[in-house]
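Here it is: the structure, laid out below.
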Amino acid sequence: MLETFNLTKKYGELTALDTLNLRVDAGELFCLLGANGAGKTTTINLLMGFIQPTSGKAKVNGIDVVKNPVETKKHISYIPENLSLYSNLTGLENLQFFTGLSGLSPSKEELTQMLESVDLQKEAIHKRVSQYSKGMRQKVGIAIAKAKNASSLLLDEPTSGLDPEASNNFASLLAEMRDKGMAILMATHDLFRAKESGTHIGIMKSGELVHTLKSDEISLQELEKLYLETMKSTLTYA
Amino acid sequence: MLKLIIKKEILSNIRDPRIQISSIVLLTLLVTAVLVSKEGQKRIQHEREQAMAQMYDVWVNQGEKHPHSAAHYGQFVFKPTSVLSFLDTGIDPYTGVSIFLEAHRQNEVLYARAQESTNLIRFGELTAALVFQMLIPLLIIFLTFNSFSREREEGTLKLVHGQGLSMRTLLNGKLLGTYSIVLFLFIPVILISFFLLDRQSIAIDKQVYLKFVLIIIAYALYFFIFTQISALVSAFSRNSAASLITLLGIWCLSCVIVPKAAADLAEKLYPAPSQFDFRNSIAEKVQNGIDGHNPSDERLSALREQVLSEYNVETIEELPVNWRGIALQAGEEYTDMVYDQEFSNVEQVFKNQNQVSEWVGFLNPYLATRNLTMGLAGTDYSHHLTFAKAAENYRREFVKVLNKDMELNHAPDIAYADYKLGKEFWQTIEPFEYEVPQVATTLNVHWKGSLGLFFWTIMLGLIASIYSNKIPKL
């Protein structure tokens, strides 16, 4: 479970996130939509403990992120927008390293199976990541997230730059993890994916969560219209 | 967890072509420098041993002479090269290797150092020590400068931190990973070079082993300090470029600017007298007496009176011993006394200068390591001084033996040219032997630097421990 209570982040005069109250329960996939600078990534960075909040709280499974930064990480998997791996290591070695950091020690066979389960080509498994496409790296990232078997997953625009097929496969994997009871928070620009995979949708504007919707209560067209209207008001506001 | 990060760091680094190339270049340089130094040391040692034997042979076979002529004939003695000098030639290239020992004159190499004082703590030539002390830190910088900043720039740091890894563990892992690579390059080269020493011609005793182990520890600490500094700078730098510039600045400051500044400061604070002033002062004091009220002719008169009274005779001719022999030895002893007094002043100046270097070494790991390894390799100022003093003592002893023979055996009625000694007597004067100072003596001289290395290691460890959780993740 992911929760924020009046979570605020300011950089001098600029308010990057303004009193955000959010809750993502197990089995939910909450998609955060919004223009660049709306506060999506800031929300994820705060939940991950990469930055400290100006005020408010963020909790993972009821544990305060600021007070227990290491403990909360045990309950979260994270996939950033541009997933970077160690280019001098192979996909398998990267997976072995990151699962090792989570305190797991799966065998090479198990690691290979994990990579295969996210559709990484067999011949790529033992190649150095420097030769991987973005989609292939994202797959390793998913394998890392899956292997950790955490209760929550945070994704920061994970499908940007992926080809449609890879994006589609990725959405299927997300749905699979959601159905297994993970609490997922995903920042995205992809309205279609948000509607298709998400259980809840939030639209952010200038650091504020302006709309919160259940995805099964709104059509894609309505979502698109609402989003564009919000963005338009953002421009007017700006 | 730590093991995992260390393993990843090693693997990632050894697969990096830039690291591969720089490591190969450095390793080649290191092996070449060590081998060249070792061969040079072997050659010099051989030459000096040969020269020592030849010179003693020349002394023994000088033919029949009056003992005082033999005292002027003199002997050359050579400074033996230290077994470990191949690791650090220290100040050896700037100091004399041989001293001519003769009557009335102190060996010049002792006070030639007054002019060379600033050289005692200046740069060496391209040697193993230079590679260890200046180039390996550069490799450490290249290995470490972007260890954090690149991860931050590329985003892997977020992923790593997101796995629940504390920044302290990550910092320690990166530090130990890089350090392992450095030790992997350094330890085999230094061990192999040591075990390849020609044991048939070089005596390697326990002291040498101990000094060798201490040199390894000193360098290991030095490299660890540089790795700690590099990892910390990388962790807190905005980006890789800033990290590299900062680290190169630190390298330049600690390895180039501070040692030079310390040498200049030492010279400014404690100026050494010129050789000319030194000699003049001795000559004047010998001539006029230490206090200026006891000229040499008065001293001679007083001595004559004392000797005549001792033997209860009226004239020199009545003495049962050779007056000239007594007078010569008394002159020697007076000159020695003046010399000791003057030299102790100069020696104090050198000591003060080196103390400045030692204290700065406490704050500068490069200087501390340089001073300590030079001392352990037997090529520092204190070793040279010990040798010079030993040679001077030997000179005094053999001149005394010759004067004593003259005093006792050269009867006054025998003309100078008619009293001669030969090979048998010359052989009674043993060849010069020099005993290298023990480890304890060296550590006593360089304790500040040694302590400085531990101080830096602990202090940086504490800084890492306290501030590691403030390392920016974005």
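The values are calculated or read from the model by the stated rules, or taken from the named source; none is laboratory data. Owing to the predicted nature of the structure, the values given are computational and were not obtained by experimental measurement. As a convention, Cβ positions derive from the backbone with ideal geometry for all residues, glycine included, and neighbour counts pool all protein chains shown.
I'd like the full set of residues that are more than 12 Å from B:Y334 (Cβ to Cβ) and either assigned to a helix (DSSP H, G or I) or at pLDDT below 85 (or both), limited to the range B:299-313.
B:S301, B:R304, B:E305, B:Q306, B:V307, B:L308, B:S309, B:E310, B:Y311, listed by residue number.
Taking the criterion of being within 13 Å of chain B (Cβ to nearest Cβ), buried (at least 19 other Cβ atoms within 10 Å of the Cβ), in a helix (DSSP H, G or I) and touching a residue at least 60 places away in the same chain (Cβ under 8 Å), would at least one residue in the range A:161-178 satisfy it?
Looking for residues that are within 13 Å of chain B (Cβ to nearest Cβ), buried (at least 19 other Cβ atoms within 10 Å of the Cβ), in a helix (DSSP H, G or I) and touching a residue at least 60 places away in the same chain (Cβ under 8 Å), one finds none in the range A:161-178, hence no.
Another one. Quick check on this structure: which one of A:N36, A:N68, A:N45 is within 23 Å of A:K134 (Cα to Cα) and within 13 Å of another protein chain (Cβ to nearest Cβ)?
The match here is A:N45.
In addition: Does A:L213 meet the test of being farther than 21 Å from A:A150 by Cβ, exposed (fewer than 13 other Cβ atoms within 10 Å of the Cβ), free of Cβ contacts under 8 Å to residues at least 40 places away in the same chain and of a type in the set (A, V, I, L, M)?
The answer is no for A:L213.
Continuing with this model, one more query. Do you know which residues across the range A:139-158 are touching a Leu at 6+ places or on another chain (Cβ under 9 Å) and more than 12 Å from chain B (Cβ to nearest Cβ)?
Listed by number, the residues that qualify are A:K139, A:I142, A:A143, A:K146, A:N149, A:P158.
With the condition kept exactly as written, say whether any residue in the range A:56-64 is farther than 14 Å from A:S152 by Cα, touching a residue at least 24 places away in the same chain (Cβ under 8 Å) and away from every other protein chain (no Cβ under 14 Å).
The answer is yes, given that some residue of the range A:56-64 is farther than 14 Å from A:S152 by Cα, touching a residue at least 24 places away in the same chain (Cβ under 8 Å) and away from every other protein chain (no Cβ under 14 Å).
Condition check ((1) more than 30 Å from A:E224 (Cβ to Cβ); (2) surrounded by 24 or more Cβ atoms within 10 Å (Cβ to Cβ); (3) at pLDDT below 90) across all residues:
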| position | (1), (2), (3) |
| --- | --- |
| A:L2 | no, yes, no |
| A:K9 | no, no, no |
| A:R23 | no, no, no |
| A:A26 | no, no, no |
| A:L29 | no, yes, no |
| A:L46 | no, yes, no |
| A:T54 | yes, no, no |
| A:G62 | yes, no, no |
| A:K67 | yes, no, no |
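Considering the range B:144-156 alone, what residues qualify as being in a helix (DSSP H, G or I) and at pLDDT 90 or above?
B:T144
Within 11 Å of another protein chain (Cβ to nearest Cβ), under 19 Å from A:T188 (Cα atoms) and surrounded by fewer than 24 Cβ atoms within 10 Å (Cβ to Cβ): does that describe A:S84?
Against the criterion (within 11 Å of another protein chain (Cβ to nearest Cβ), under 19 Å from A:T188 (Cα atoms) and surrounded by fewer than 24 Cβ atoms within 10 Å (Cβ to Cβ)), A:S84 qualifies.
If we scan the range A:95-113, do we find a residue that is at the interface with chain B (Cβ under 8 Å from one of its Cβ atoms), assigned to a loop (DSSP other than H, G, I, E, B) and touching a helix residue (DSSP H, G or I) at 6+ places or on another chain (Cβ under 7 Å)?
Yes: one or more hits.
Listed here are the residues, each with its yes/no results for (1) part of a helix (DSSP H, G or I); (2) surrounded by 13 or more Cβ atoms within 10 Å (Cβ to Cβ); (3) in contact (Cβ under 8 Å) with a residue 24 or more places away in the chain.
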site	(1), (2), (3)
B:T178	yes, yes, yes
B:I181	yes, yes, yes
B:D198	no, no, yes
B:I217	yes, yes, no
B:L244	yes, yes, yes
B:S254	yes, yes, yes
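Please return the ranges of helices (runs of 4 or more DSSP H) entirely within the range B:358-474 where 3 or more residues are surrounded by 15 or more Cβ atoms within 10 Å (Cβ to Cβ).
So the answer is B:365-376, B:381-409, B:439-445, B:447-467.
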